[in-house]
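Okay, structure first, notes after.
The values are calculated or read from the model by the stated rules, or taken from the named source; none is laboratory data. None of these values were measured; they are calculated from a predicted model. All Cβ positions, even for glycine, are placed from backbone atoms using ideal geometry, and neighbour counts span all protein chains on display. Keep in mind that these areas ignore ligands, DNA and RNA; they rest on the heavy atoms of the full protein, side chains included. Shrake-Rupley method; radii C 1.70, N 1.55, O 1.52, S 1.80 Å.
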Amino acid sequence: MVTRMGNIRQWLHSLGFGQYADAFEQNAIEWRHLAKLDQAALKELGVLAMGHRMTLLKAIESLDDSAENGPRSGSATPNLQPSLAGDAERRQLTVMFCDLVGSTALSESMDPEEYREVLAAYQSSAKKAIEQYDGYIARYMGDGLLVYFGFPQAHEEDPERAVRAGLDIVESVSLLKPLEQLELQVRIGIATGLVVAGDIIGEGVSEERAVLGDTPNLAARLQGVASPNSVLIAESTRRLVEGRIELEPDDVRSLKGISEPVTAYLATGVKETTRFEAASADGFGPLLGRDEELAILLRRWELANADEGQVVLLGGEPGIGKSRLAEELRERIRADQHTLLRYQCSPYHVNSAFYPVIAQIERAAGFDRNDEESEKLDKLEAQFGDAAIEQGLLAALLSLPTDRYHTTELTPQKRKAETISILVKHLETLALKAPVLVILEDVHWIDHSTREFFDAVTDDVARLRVLVVITHRPEFESLWTVKGHVTQLMLSNLGSRDVNSLVRTVAGDTALPEEVVQQIHQKTDGIPLFVEELTKTVLESGLIGDNSGSSFKLEIPSTIQDSLVARLDRLGRAKEVAQIGATLGREFTYGLVAAVSQSSEETLREDLEQLEDSGLVLRRGTPPDASYTFKHALVRDAAYATMLREHRRELHRRVADSMLQQQLETIRVQPELLAHHLTEAGEIDAALEQWLLAGQLAFGRSAGLEAQAHLEKGKSLIAPLADDEHARRELEFCVALGPVYMTTKGAFAEETEQVY
C-alpha cells in the first residue's frame with residue numbers, strides 16, 4: 001500500500017503550508033483523519049493563524065469524501081508535479097544543482113551494493129535539508145539533484161531558502177560516514193531568474209524541461225566549477241540574499257554555454273540578524289505617516305517605566321512598516337537606561353521549539369561560532385547567573401553538555417515548564433535593574449514553545465517595568481488582546497504626501513518625472529516596502545530620461561516578486577480566477593468573470609470567495625451584481641505577469657467576445673475598453689476601429705488629452721500592416737489627430753505639422 005504521509009506532506013507543501021508537515025507527521029495524521037479536523041484540532045497541530053486554518057479547512061472540503069486516496073482530480077489543491085504545457089507560467093525561480101564529488105571514482109572502486117548505500121545516505125541527507133526550506137526536488141540524476149525553489153509553490157524569500165538549504169546540505173553531507181574511512185563532499189550551484197515553468201514538450205521529454213530558460217543552465221554551470229563542499233551562487237541570487245547570507249566574491253568566470261562572463265559568489269554562512277536589520281543594512285530614511293502610532297508606543301513606554309508593564313500588538317500586512325516603527329521606538333528611547341531583548345520568529349523554524357528564544361540567548365551571551373562548549377557555558381552562566389542554570393535546563397535548551405550541573409530527571413512537559421519559569425524569572429530580574437523593551441518580530445511564525453513562553457510573559461508583565469512590542473500580519477489570531485494592559489495597533493497605508501516624500505528620499509539626487517512618481521503611488525497603494533523597492537527598480541533600470549515619464553513601464557521588483565506570487569500560489573484552483581480578474585484590470589465584475597471563466601457557477605463563486613478570504617481582493621455588492629478590486633495593483637500585475645503570452649491573448653479574446661455580447665452600452669460609452677482587449681488579443685483590425693472611435697468620442701467631449709492617448713495608441717499599431725492598408729489607416733488617424741494636436745499642443749507644434 002502506498003504510504004499516505006508522504007502524500008499529505010506534498011499536499012501541505014502544495015498549499016504553501018509545508019511548515020506544518022512535521023506536526024501532521026508527528027501526530028500521525030492520515031488522509032482519513034483530515035475530514036475530522038476542525039479549528040481547535042488545527043490549533044493543536046500548531047496552525048495558529050486563522051487565515052491558514054481557513055485555507056486548510058477549505059482545501060480539506062475539496063478532497064474526496066473518503067479522503068483515502070488524497071486529493072481528487074480537479075480539486076483546489078494544485079498538482080505538485082510540473083504542469084502540462086497548457087498550464088505553464090512565467091515566474092521567477094531559484095534553481096539549485098547539487099552533485100556528489102568524485103562519484104564516478106566511488107562507483108568504480110566500490111561494490112554496487114555499497115555504492116547504493118552511500119548514494120542513499122547522501123540523497124536522504126540532502127532531501128531532508130531541501131524539504132526543511134520547502135524546496136521541490138524535480139529530478140534525481142544519479143548522484144545529482146535538480147531542485148526548484150519557487151515552483152510549483154512560491155514562498156517568500158525563495159532565494160534565501162535555496163542558499164540556506166545548500167549550506168545545510170554541505171554541512172550534513174560532510175558529517176556522513178556511510179562507510180568507514182569515507183568522507184563525502186558536494187558541489188552546489190544556485191541561480192535565480194525568469195523562467196517558463198511547467199512546460200513539458202511532448203512525450204518522452206526529460207523532466208528537466210519542466211523549467212525552461214537560462215536559469216537552470218547557469219545553476220548547472222556554477223555547480224560544475226564550484227569547489228568541493230561549497231555553495232556558489234549567481235549575481236542574480238546574490239542581490240536577493242545580501243544582508244542575510246555571508247558572501248565572499250568569487251572569480252569572474254567564463255562558463256560554457258553562457259555568452260557573457262559570470263560574476264559568482266561563495267555563500268559561507270547565515271548572518272545572525274533579524275529580517276528588518278538585513279533589509280535595512282544600508283540604513284533607513286525618516287519615519288513617515290506614523291506620528292500617532294509612535295506617540296502611543298511612547299506613552300506605553302512611559303507606563304512601563306512606572307511599573308505598569310504593557311504589551312502592544314503591532315499589526316499590518318507585509319511591508320507596511322511594523323519593524324520600522326519598532327526601530328523608531330528604539331531610537332527615541334536610546335538615551336533612556338533600558339535593556340533590549342529582541343526575538344525573531346522564522347518561517348523556516350515554525351516547528352523548532354524555542355527557536356527565537358535560543359537565538360536571542362546566544363546573541364545576548366555573545367556566543368561565537370569558534371567558541372568551545374565550555375566557553376559557551378561560561379558565557380551562559382555570566383548572562384543568567386549560577387542559580388538560574390543550576391539544573392542545566394538552559395544548557396540543554398542550547399544543546400550544550402549538562403554534566404557540570406546537578407540535573408534531575410523530568411518529564412518533557414515538566415522540563416518545558418521549568419525552562420519557561422527560568423526565562424520569565426530572568427526577565428523579572430532584568431526589569432528590577434532597568435526598564436526592559438522586548439520586541440517579538442513576526443509572531444505569525446511563532447513555534448508552540450515560544451508561544452507558551454510569551455503567554456507567561458504577557459500574564460506576568462503587567463507588574464513589571466517591561467514593554468513588549470509584538471509585530472504580526474493580519475492573519476495572526478491572538479488571545480492576548482483581551483487583557484487590559486494589551487493594546488492592538490493596526491497600521492494603515494501611507495497617504496499620497498508621505499508616499500511622494502518616501503519616493504524622493506529613496507531617489508536622492510535623482511529627479512524622477514512626476515508621471516513616474518504618480519505611477520509608483522498607484523502601483524504600491526501606500527505600502528512603504530513596495531514604494532522603496534519599486535523606486536529602486538526605477539533607478540536601477542537606467543531608463544529614466546527627460547521624456548520618459550508617461551511611457552515608462554514599471555516592472556515588479558525581483559525583491560518582492562516571490563512574496564506576491566507565493567500569495568497567488570496559495571489560492572490553488574482560485575488562482576485561475578485571479579488571472580482572469582487581472583486580465584480584466586484592477587477592478588472587475590462578477591458578470592464579466594463568469595462570462596470568461598469556463599467553471600460552473602458554483603465553482604466560480606467558491607473561487608471568488610476564496611480570493612476574497614485571502615485578502616487579495618475586496619468585494620462590493622453580492623453576486624451576480626458584485627464587483628471586485630485587487631487590494632494592491634502589484635498583486636494584480638503579478639497575477640497577470642505569470643501567464644504566458646498565448647494564455648493572455650486567449651483570455652483577452654474571450655473578454656472581448658463577452659463584451660460584444662453583453663456590454664454593448666459600455667462599449668458605446670467607453671470603446672477604449674474593448675479596444676484594449678482586442679489589442680492584447682492580437683485582433684488589430686478590430687482594435688484600430690475601436691481606438692479611432694474612442695479618440696473621436698473623447699475629443700467630442702472636450703477631453704483632448706484622452707483623445708490624444710487613444711489615437712496615438714491606435715496609430716502605434718499600424719506599422720505591421722500591408723502597404724495599402726497601412727496608408728489607409730495612417731490617413732484615418734492623422735486626420736483625427738490633427739485637430740486634437742491643435743488643441744493639446746498648439747497649431748505650430750512639431751507634432752501638429754507632422755500629422756498634417
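Here are a few things to note about the model shown:
- With respect to the conditions (1) under 46 Å from the mean Cα position of the chain (by Cα); (2) open to solvent by less than 70 Å² (accessible area, probe 1.4 Å), Ala727 falls short on a single one, namely (1).
- Looking across Val436, Val516, Val506, one residue alone is in contact with a Lys or Arg (Cβ under 8 Å, 6 or more places away or on another chain), farther than 30 Å from Phe17 by Cβ and at pLDDT below 95. It is Val506.
- Selected residue [open to solvent by less than 40 Å² (accessible area, probe 1.4 Å), over 19 Å from Thr471 (Cβ atoms) and under 27 Å from the mean Cα position of the chain (by Cα)] from Ile358, Ile420: Ile358
Residues checked against (1) modelled with pLDDT of 95 or more; (2) small (Gly, Ala, Ser); (3) closer than 29 Å to Trp445 by Cβ:
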| residue | (1), (2), (3) |
| --- | --- |
| Ser103 | no, yes, no |
| Asp111 | no, no, no |
| Val147 | yes, no, yes |
| Glu156 | no, no, yes |
| Arg164 | yes, no, yes |
| Pro178 | no, no, no |
| Gln185 | no, no, no |
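- The residues of the range 641-695 that are at pLDDT 95 or above and among the hydroxyl-bearing types (Ser, Thr, Tyr) amount to a single one, Thr679.
- Hey, Glu160 part of a strand (DSSP E or B) and of a type outside the set (A, V, I, L, M, F, W, C) or not: no
- Some residue of the range 132-152 being open to solvent by 10 Å² or more (accessible area, probe 1.4 Å) and assigned to a helix (DSSP H, G or I): yes
- Single condition Thr487 does not satisfy, out of (1) at pLDDT below 95; (2) open to solvent by less than 40 Å² (accessible area, probe 1.4 Å): (1)
- Considering the conditions (1) under 27 Å from the mean Cα position of the chain (by Cα); (2) at pLDDT below 95; (3) of a type outside the set (Val, Ile, Thr), Ala267 is excluded by exactly one of them, (2).
- Complete set of residues in the range 463-477 that are surrounded by 18 or more Cβ atoms within 10 Å (Cβ to Cβ) and of a type outside the set (Lys, Arg): Leu464, Val466, Leu467, Val468, Val469, Ile470, Thr471, His472, Glu475, Phe476
- With respect to (1) assigned to a helix (DSSP H, G or I); (2) more than 30 Å from Ile446 (Cβ to Cβ), the lone exception for Thr510 is condition (1).
- Top-ranked residue of the range 227-263 - restricted to ones that are in contact (Cβ under 8 Å) with a residue 12 or more places away in the chain and hydroxyl-bearing (Ser, Thr, Tyr), ranked as surrounded by the most Cβ atoms within 10 Å (Cβ to Cβ): Thr237
- Subset of the range 599-619 that is closer than 24 Å to Arg91 by Cα and among the polar types (S, T, N, Q) - its residue that is surrounded by the fewest Cβ atoms within 10 Å (Cβ to Cβ): Ser614
- If only residues of the range 620-646 that are part of a helix (DSSP H, G or I) and without any contact (Cβ under 8 Å) to a residue 24 or more places away in the chain are counted, the one that is surrounded by the fewest Cβ atoms within 10 Å (Cβ to Cβ) is Arg645.
- Against the criterion of being open to solvent by less than 10 Å² (accessible area, probe 1.4 Å) and either touching a Gly at 6+ places or on another chain (Cβ under 6 Å) or assigned to a strand (DSSP E or B) (or both), Leu222 qualifies.
- Any hit, the range 304-321, residues being polar (S, T, N, Q) and open to solvent by 30 Å² or more (accessible area, probe 1.4 Å): yes
- Of all the listed residues (Leu717, Leu673), the sole one being over 35 Å from the mean Cα position of the chain (by Cα) and closer than 25 Å to Gln579 by Cβ is Leu717.
- Scanning the range 511-526 for residues that are open to solvent by 70 Å² or more (accessible area, probe 1.4 Å) and touching a helix residue (DSSP H, G or I) at 6+ places or on another chain (Cβ under 8 Å) yields a single hit, Gln522.
- Only one entry in Glu732, Glu706, Glu672 is of a type in the set (Asp, Glu), without any contact (Cβ under 8 Å) to a residue 60 or more places away in the chain and more than 30 Å from Ala595 (Cβ to Cβ), namely Glu732.
Residues checked against (1) in a helix (DSSP H, G or I); (2) more than 29 Å from Gly46 (Cβ to Cβ); (3) among the aromatic types (Phe, Trp, Tyr):
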| residue | (1), (2), (3) |
| --- | --- |
| Ala304 | yes, yes, no |
| Val311 | no, no, no |
| Ile320 | no, no, no |
| Ser323 | yes, no, no |
| Leu341 | no, no, no |
| Val350 | no, no, no |
| Ile358 | yes, no, no |
| Ile361 | yes, no, no |
| Arg369 | no, yes, no |
